[in-house]
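Laboratory data are not the source of any read-out in this text; all were calculated from the coordinates shown. This structure is a prediction, so every number in the text was calculated from the model and none was measured. Here the Cβ positions follow ideal geometry from the backbone for every residue, glycine too, while neighbour counts run over all protein chains shown.
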Amino acid sequence: MTQTIKICELIASFDMIENRYAPKRPQYSRPATFSSIVAPGPNKLLTNLTWFDINIYMNLIGKRVYVYRNLKHGKSSAPLYSVMYKGTVIAHRRKLLMTDCEFKVRNGGYKQFLKTGRKNVHAFVVGTVVRSAYGINCNGSDLPIKIGYNPSLGNTFYTKLTHKVRAVNWAGGVLINGNGISACYVIND
């Protein structure tokens with residue numbers, strides 16, 4: 001009888017030790033019902049955000065990232081863009097402002113699209129995420145030049161300025177939002 005009591009006490013003490021050293025799950029989904037957190041820039045309060053959103057927003061600033069349009073999630077009226085850093089998707093955004101941007105199309109993915117006819121992830125805008133540039137932030141109006149990509153037309157990004165397709169390689173600033181991709185200071189091929 002005393003041996004079974006000692007064994008039960010031993011098991012209970014192991015459970016207590018195990019629970020004490022178990023990693024705690026982070027609480028990311030708490031709604032931000034606060035008014036003391038101020039966004040960087042001209043004193044704009046962050047509202048309707050979670051702590052996780054604020055953390056991601058602050059961690060993206062200054063990083064050189066790959067951005068592509070997420071076709072699986074996000075509607076055509078409100079597109080969703082995936083943000084990759086060092087080969088890992090770290091965020092999904094509806095608005096993003098970047099500088100020093102390159103437009104890259106991976107040839108392997110483009111050839112696979114031509115062979116199968118199914119869309120896949122192979123076209124990216126590569127740039128540095130910033131809070132504001134060229135007098136706007138990511139909530140601002142569109143930049144002057146509209147940029148598009150359609151693998152059926154070719155394996156390059158193009159400007160929608162004229163009816164002619166002109167390849168785009170680089171842009172000084174790129175705003176990605178619900179209206180698509182817009183840019184300024186564009187270098188054509």
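Remarks
- Amide hydrogen neighbours beyond the local backbone of residue 157, cut-off 5 Å, H modeled: 168
- Using θ = phi - 60° and Karplus 6.51 cos²θ - 1.76 cosθ + 1.60, couplings along region 117-123 (whole Hz; Gly, Pro as x): x, 9, 6, 9, 7, 8, 10
- Rounded to the nearest whole Hz, the Karplus-based 3J(HN,Hα) values (6.51 cos²θ - 1.76 cosθ + 1.60, θ = phi - 60°) of region 86-99 follow the sequence 6, x, 10, 6, 10, 7, 10, 10, 9, 9, 7, 10, 9, 10, with x at glycine and proline.
- Inter-label distance for residue 152 and residue 89, nm, one decimal - labels placed 7 Å from Cα along Cα-to-Cβ: 2.5 nm
- Hypothetical label at residue 142: residues of region 167-189 whose amide nitrogen lies under 11 Å (7 Å Cα-Cβ projection): 177-183
- Using 0.36 nm per residue and subtracting the Cα-Cα separation, the extra length available between residue 120 and residue 63 on full extension is 18.1 nm.
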